[in-house]
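First up is the structure itself, then whatever we jot down about it.
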Amino acid sequence: MLRLPMPLFTVSKSTLQAVAQSKFASEKALQQLVEANLETVFNCRLVASEFPTGAQHAGRIDTLALSEDKNPVIIEYKNVESSDLINQSLFYLAWIHDHRGDFEIAAQRKLGPKAEIDWSDVRVICIAPNYRKYDLHAVRVMGANIELWTYRLFANGVLYFEEILQKSDAGVVNAAGKNPVMVAAGKKAAAARASGSYNFDQHLAGKPEAMRQLAIAMNDFIVGLDPAIEVSPKKFYIAYKTSQNIVCMEVKQQRLILYLKLDPKTISGPKGIARDVTDIGHYGTGDLEISIKGSSDLEAAKPFIQMAYEQVGG
């Protein structure tokens with residue numbers, strides 16, 4: 001079952017005062033707020049709002065976006081608890097894999113003809129105040145690439161997001177008795193994942209043992225900062241993220257290269273192993289590069305990784 005949200009309090013000297021929860025006037029109000037702040041919340045660029053899926057599918061995707069990793073993003077919203085949100089998201093996940101050209105055209109129109117798109121992953125984000133336990137179970141057993149986020153709006157203007165279910169690694173189960181739309185979408189999601197995704201061990205393959213152990217130690221430190229941090233291996237790097245990337249890591253033969261989501265103009269990083277790569281092309285996201293060749297470099301980098309985690313919103 002979902003846990004009940006803790007109350008939010010204001011502090012006045014030694015007194016705590018509970019802050020009342022509020023509601024959005026409509027789903028559209030929630031959608032417009034997120035779309036206006038996509039880079040702040042999810043570090044994505046808006047591609048389209050209310051994107052039509054054509055006469056045959058007769059639907060509209062609430063938000064289409066492009067992630068910082070250049071992956072397509074689908075975002076669907078509800079301002080009440082509803083299973084329809086997950087049904088719709090699975091349907092649109094299936095649709096976008098069959099209509100890549102439509103997304104690419106929309107992205108190039110909005111972001112420019114040179115917009116790059118990486119189809120190795122499609123990010124699907126559901127945003128609702130709550131989910132039924134049956135919905136959580138359905139997403140888990142189907143193995144669909146879906147993130148479930150809850151939100152709380154408070155009377156003092158604070159808006160809080162929490163990811164309660166990350167992309168599932170489970171497989172598709174027996175389809176008997178299940179919604180056929182969900183089953184079909186789940187199978188398509190599983191097939192796409194099998195052909196296009198990467199894993200942590202692939203980045204360690206063929207590397208010297210010292211680098212393998214260093215990468216494992218770095219991985220353990222980063223994921224140990226918060227259980228909500230997701231490890232998201234890509235083709236050329238490993239991203240560590242919550243709502244957006246915190247740090248990206250490349251595993252090389254003689255070193256690890258980290259790209260931290262910090263402003264190198266104000267934070268220079270550990271002396272001798274960091275540099276500003278704002279204007280230098282590189283894989284991953286983040287403009288502060290740190291080069292790790294041994295355990296002493298790893299220790300020197302840790303405070304800056306912690307800082308990046310806190311600045312992203314951990």
The stretch 9-29, residues that are aromatic (Phe, Trp, Tyr) and either touching an Asp or Glu at 6+ places or on another chain (Cβ under 8 Å) or not in a loop (DSSP other than H, G, I, E, B) (or both)
PHE9
So the check is Cβ under 6 Å with 6+ separation or different chains; which pairs have a first residue in the stretch 41-55 that's of a type outside the set (Ser, Thr, Tyr) and a second one that's open to solvent by less than 40 Å² (accessible area, probe 1.4 Å) and modelled with pLDDT under 90?
VAL41/SER243; PHE42/SER243; PHE42/GLN244; ASN43/GLN244
Could you check, for the stretch 189-205, whether at least one of its residues is open to solvent by 40 Å² or more (accessible area, probe 1.4 Å), more than 23 Å from the chain's Cα centre (by Cα) and at pLDDT 90 or above?
yes
Condition met for THR285 (crowded, with 16+ Cβ neighbours inside 10 Å, among the β-branched types (Val, Ile, Thr) and touching an Asp or Glu at 6+ places or on another chain (Cβ under 9 Å)):
yes
Total residues in the stretch 126-151, condition closer than 20 Å to VAL73 by Cα and either part of a strand (DSSP E or B) or free of Cβ contacts under 8 Å to residues at least 12 places away in the same chain (or both):
9
Residue pairs within 6 Å by beta carbon, gap of at least six or interchain, first lying in the stretch 26-37 and at negative phi, second open to solvent by 60 Å² or more (accessible area, probe 1.4 Å) and assigned to a helix (DSSP H, G or I), listed first then second, are none
If we take the stretch 35-101, then strands (runs of 3 or more DSSP E) inside it with 2 or more residues that are of a type in the set (S, T, N, Q) and surrounded by 18 or more Cβ atoms within 10 Å (Cβ to Cβ) are 60-67
Do any residues in the stretch 269-288 that are closer than 17 Å to MET307 by Cβ have Cβ atoms under 8 Å from those of residues that are of a type in the set (Val, Ile, Thr) and assigned to a loop (DSSP other than H, G, I, E, B), where the two are at least six apart or on different chains, and which pairs are they?
ASP287/VAL277; ASP287/THR278; LEU288/ILE267; LEU288/VAL277
Select from the stretch 108-122 the residues that are at pLDDT 90 or above and within 18 Å of LYS234 (Cβ to Cβ) and write down the one among them that is least open to solvent (accessible area, probe 1.4 Å).
VAL122
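The values are calculated or read from the model by the stated rules, or taken from the named source; none is laboratory data. Because the structure is predicted, anything quoted here is derived from the model rather than measured. FYI the Cβ positions are ideal-geometry reconstructions off the backbone, even for glycines, and counts take in every protein chain you see. Just the protein is used for accessible areas: all its heavy atoms, side chains included, with ligands, DNA and RNA removed. Shrake-Rupley method; radii C 1.70, N 1.55, O 1.52, S 1.80 Å.
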